[in-house]
Amino acid sequence: MTYPRRNNPPLAVALLVLTGVATALAASCGVNDVKSYASLKLATAGKAKFFKPLVIAYNSKVIVAAGQTLVLTAQPVHHRRWTAAYGSLFQGLGTVRFGGKSSFWVMPEWFMLKEEAVSGDFSPALDRVKAACKDVSCTIVWTQPGSISKPLALTPRLGFLSFPTGLNIQGNGAVGMDFQAGNYAASKPFMLPTLAGYSTAISAADVAGLRATTNSIAGCTNSMLLKGTVKDTQLEVALQAFVNNGFVSDASTLQNVKLYSAFLTYTSPGQVAAALFQRAPTTITNTKVTYTAIDGIPSPGSPSNPNFAFVRNGAGDGGAVQNLGFAIEAWAGNFDQGAKYADGRFDSLKLYAKMAALLGASTSGAQDSIDIGGSPNIWSSQLFASQAAITETNNRNFQTVKLAFELIPSVWAAGQDVDYYLRHSFLTDSGKTQKVLMSPGPTENGAGQDWLNPGIVVKTLEVLAGQVLKVTLTNAAGKSIAQSQFAGRFVPLDWRLYVGLPGIGM
């Protein structure tokens, strides 16, 4: 690690012993001279306060005897090869404290006993870190894989930095990282390691201004759980795998909350949701859950799972979840039959998902908006000259509708209407289709560019039986248009089409 320069010259030490004699001596030892020792001897039950940085040599130790207190008011630094394999840096039954006005970067290995290093359980060492940092702000620096046997409570004054990011913390308890109540606006962003084996990997209750990122979460029931009042908070996880639920809320208030994950895959059997609400919050404002992609394939060896939902309200009769934003920006697919966009009551839900295939479309809320269309440049449909000529059925909200030049009349008179047809799976004979929109289309595009579209525009749309849409185009150019103008075109004329369903609207 690199630490800022300090004006005080450092105290370099291979062995520092705090015992019970009234004289004090400090000496420097070479990095590799592990058999030379520097010592500091204090009166019994005394306190030593260091104002200079403690420079920790390779395989160094600081032994604090019972009744002694070592106070460090400057950032310790250590040799890059220092290791806890031979016991912790701070040993003995005495007390170590960080003090002064500084904020500290602290490695849990400094406080880890030899037997704990063998077991890999960092929880006792992390307890000592928290005790040492009780009067100052500290950031835990995580530099190697390990495990914790109980939740790690983090606060605005106790941060966490995992470096490098590929490290992990294994667990078998209820919660991995537990953010305590408080305002984190002045805190550094939390950089968390991979978390695996928890009921809930990350929990946060009554927090504001929290920013936290983790590399991945795996083998957990819930990835992240929010409780109480959560404001101005941003949580990110790159990968979620082998989980039941992604982001989970048991919060009463969500205000300016952004939850992001790059990828969710290999979900566990049973009720699965990318975003689960255990109750309907009293207030949701400016809150959105965003995924880059979701692969609905179940965990290897697991049966098919019809109980997947992008968003689920598990509150039963506890009311509707209101004003939530949810998006899958790049791709969503591989879902078993029965999977849903929204399960339970949602009002004013704004959901966007770029789907590889359709899911169940029903929702139970008012003013919901679910856009399951792909890019207009990717998903396209063809206009046909008659119903009998239709050879495809379309199933995307947003599409590019194309007209090949071969279907243009040899001479299209000014003001003349021509009917074309397409089939769309969202169209209903009973009139329940919520909305059908089609862009009028561009008209004259300038001298020398009228071949793009010289003035053929959409005039009317009519839903017919058999999920057929009749599209009437008209020549609005004010002059006749000849098919020969389009001979050899490799890009047909196109318009943008939107088809909506009840509960799936703009």
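The values are calculated or read from the model by the stated rules, or taken from the named source; none is laboratory data. Computed from a predicted model, the values in this text were never measured in an experiment. Cβ placement follows ideal geometry from the backbone for every residue including glycine, while neighbour counts extend to all protein chains displayed. The accessibility values were calculated without ligands, DNA or RNA, using every heavy atom of the protein model including side chains. Shrake-Rupley method; radii C 1.70, N 1.55, O 1.52, S 1.80 Å.
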(request) Taking Pro281 as meeting all but one of (1) within 21 Å of Gly219 (Cβ to Cβ); (2) crowded, with 17+ Cβ neighbours inside 10 Å; (3) not basic (Lys, Arg), write down the number of the exception. (result) (1)
(request) Scan (1) open to solvent by less than 50 Å² (accessible area, probe 1.4 Å); (2) under 30 Å from Val136 (Cα atoms); (3) part of a strand (DSSP E or B) for the single condition Gln240 breaks and write down its number. (result) (2)
(request) Tell me which of these Ala185 doesn't satisfy, since it passes every other one: (1) among the hydrophobic types (A, V, I, L, M, F, W, C); (2) over 18 Å from the mean Cα position of the chain (by Cα); (3) closer than 27 Å to Asp295 by Cβ. (result) (3)
(message) Just to be sure I understand, how many residues within region 303-327 are touching an Asp or Glu at 6+ places or on another chain (Cβ under 6 Å), outside any loop (DSSP other than H, G, I, E, B) and open to solvent by 10 Å² or more (accessible area, probe 1.4 Å)?
(response) 2
(message) Among (1) of a type in the set (S, T, N, Q); (2) surrounded by fewer than 24 Cβ atoms within 10 Å (Cβ to Cβ); (3) in contact with a Lys or Arg (Cβ under 9 Å, 6 or more places away or on another chain), there is one condition Ser249 misses while meeting the rest; what is its number?
(response) (2)
(message) I'm told Arg423 meets every condition in (1) at pLDDT below 70; (2) part of a strand (DSSP E or B) except one. Can you identify the failing condition by its number?
(response) (1)
(message) With the structure loaded, tell me whether Leu383 is open to solvent by less than 30 Å² (accessible area, probe 1.4 Å), at pLDDT 85 or above and more than 30 Å from Gly316 (Cβ to Cβ) or whether it fails that test.
(response) yes
(message) For the structure I just gave you, tell me whether Asp121 is open to solvent by 40 Å² or more (accessible area, probe 1.4 Å), among the acidic types (Asp, Glu) and at pLDDT 80 or above.
(response) no
(message) When you check Gly500 against the structure, is it of a type in the set (Gly, Ala, Ser), under 28 Å from Tyr352 (Cα atoms), in a strand (DSSP E or B) and modelled with pLDDT under 70, yes or no?
(response) yes
(request) Please give the number of the condition Gly146 fails out of (1) open to solvent by less than 20 Å² (accessible area, probe 1.4 Å); (2) over 19 Å from Ala251 (Cβ atoms); (3) within 18 Å of the chain's Cα centre (by Cα). (result) (3)
(message) Just to be sure I understand, how many residues within region 198-231 are over 17 Å from Val248 (Cα atoms) and touching a residue at least 40 places away in the same chain (Cβ under 8 Å)?
(response) 1
(request) Look at region 199-237 and say how many of its residues are within 28 Å of Pro298 (Cα to Cα), open to solvent by 10 Å² or more (accessible area, probe 1.4 Å) and outside any strand (DSSP E or B). (result) 3
